[in-house]
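J.: Just dropping this structure here.
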Amino acid sequence: MKNILILVSIILLSIFNLSAQGRRGNSNSTLGIKLGTSLFDIKTDNFITTPEYSFLGGFATRGDFYNNWDIQFGLNVIGNKLSVQGRESIVSLPKNIKYNLIGVQAQLLFGYKLLGNNRNHRGKFKLTTEFGPVLMVNGKMKLSDAAQKEFLIDKTNLTAEQIVNLTGVNVNALAGLSMGSKHFRVFAHYQYGLNNILKRLDKVDGANQKFKGNVSMIQFGIYLYL
């Protein structure tokens, strides 16, 4: 947790620094907000999952880094949703069991300017390819319907309430595009988890298998820069 606080503090200081540069007249440093939606899933062979749409919001900075490269810092709040297939009993028909997962993401992204680069200052339209690491901190999953807590999860011997304790700190790799103007951009990003978000389920009483799963997340939305 100490390392997480240090990373978040560094990102916040960087945001305020870029914001201050903008106020001093550096037009290439911007501070803004991020709004959009996220399609969240866990790629695993242990469950049958269905990705669900949810919201995301936060704030971000963008500033020139080197030549045609820029750098971005951001903090996002995400209300992830996910469905896992289960049954009320062994003989029941399968049913999607819905979960909610609240998380916070800190991201450091590098962008290469495909259009509107430093060698073409007159170009108002900007197209940037972006990539970098994302730190995701989340709590336990929460059942949308508490009455389903004793449902059996398909392909396992566990119940719906026994699979909620996920890894709390996860690292994802992000790649995507953004395009627009200086003050408005749309973005589309994909994130893939580099660590096993289901690792804690190995320790659940009665678990008879090893669990492995990786975050898979498609995000799209808008940036509004000052």
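J.: To two decimal places, what compactness ratio does the stretch 58-150 give when its Cα radius of gyration is scaled by 2.2 N^0.38 Å?
T.: Compared with the compact-globule rule of thumb, the stretch 58-150 sits at 1.71.
J.: In addition: Can you tell me how much longer the chain between Tyr112 and Ala175 gets when fully stretched, taken as 0.36 nm per residue apart minus their C-alpha distance, in nm with one decimal?
T.: Using 0.36 nm per residue and subtracting the Cα-Cα distance, I get 21.5 nm.
J.: Quick one: 3J(HN,Hα) in Hz for the stretch 30-44, Karplus 6.51/-1.76/1.60 with θ = phi - 60°, rounded, Gly and Pro as x.
T.: 3J(HN,Hα) across the stretch 30-44, in whole Hz: 9, 10, x, 10, 10, 9, x, 10, 9, 9, 9, 8, 10, 7, 8.
J.: Can you list residues from other chains, or at least 5 along the same chain, whose modelled amide H is less than 5 Å from the amide H of Phe59?
T.: Lys34, Leu75
J.: Please give, to one decimal in nm, the separation of the simple spin-label points placed at Asn68 and Asn96, each 7 Å out from Cα toward the Cβ.
T.: With each label point 7 Å from Cα toward Cβ, the separation is 4.2 nm.
J.: Round to the nearest 0.05 the FRET efficiency obtained for Lys155 and Asp205 when R0 = 22 Å and r is the Cβ-Cβ distance.
T.: For R0 = 22 Å, the calculated efficiency reads 0.75.
J.: Rounded to whole Hz and in sequence order, give me ³J(HN,Hα) for the stretch 156-167 from the Karplus expression 6.51 cos²θ - 1.76 cosθ + 1.60, θ = phi - 60°, writing x for Gly and Pro.
T.: 9, 10, 9, 8, 4, 7, 8, 10, 7, 8, 8, 4
J.: From the phi angles alone, apply the Karplus equation (6.51, -1.76, 1.60; θ = phi - 60°) to the stretch 124-135 and give each ³J(HN,Hα) in whole Hz, x where the residue is Gly or Pro.
T.: For the stretch 124-135, the Karplus curve yields 7, 7, 10, 10, 10, 8, 10, 7, x, x, 10, 9 Hz.
Every read-out reported here was derived from the displayed coordinates using simple, explicitly stated rules and does not represent laboratory data. Since this is a predicted model, take the numbers as computed values, not measurements. Please note: Cβ atoms are built from the backbone with ideal geometry, for glycine as well, and neighbour counts cover all protein chains shown.
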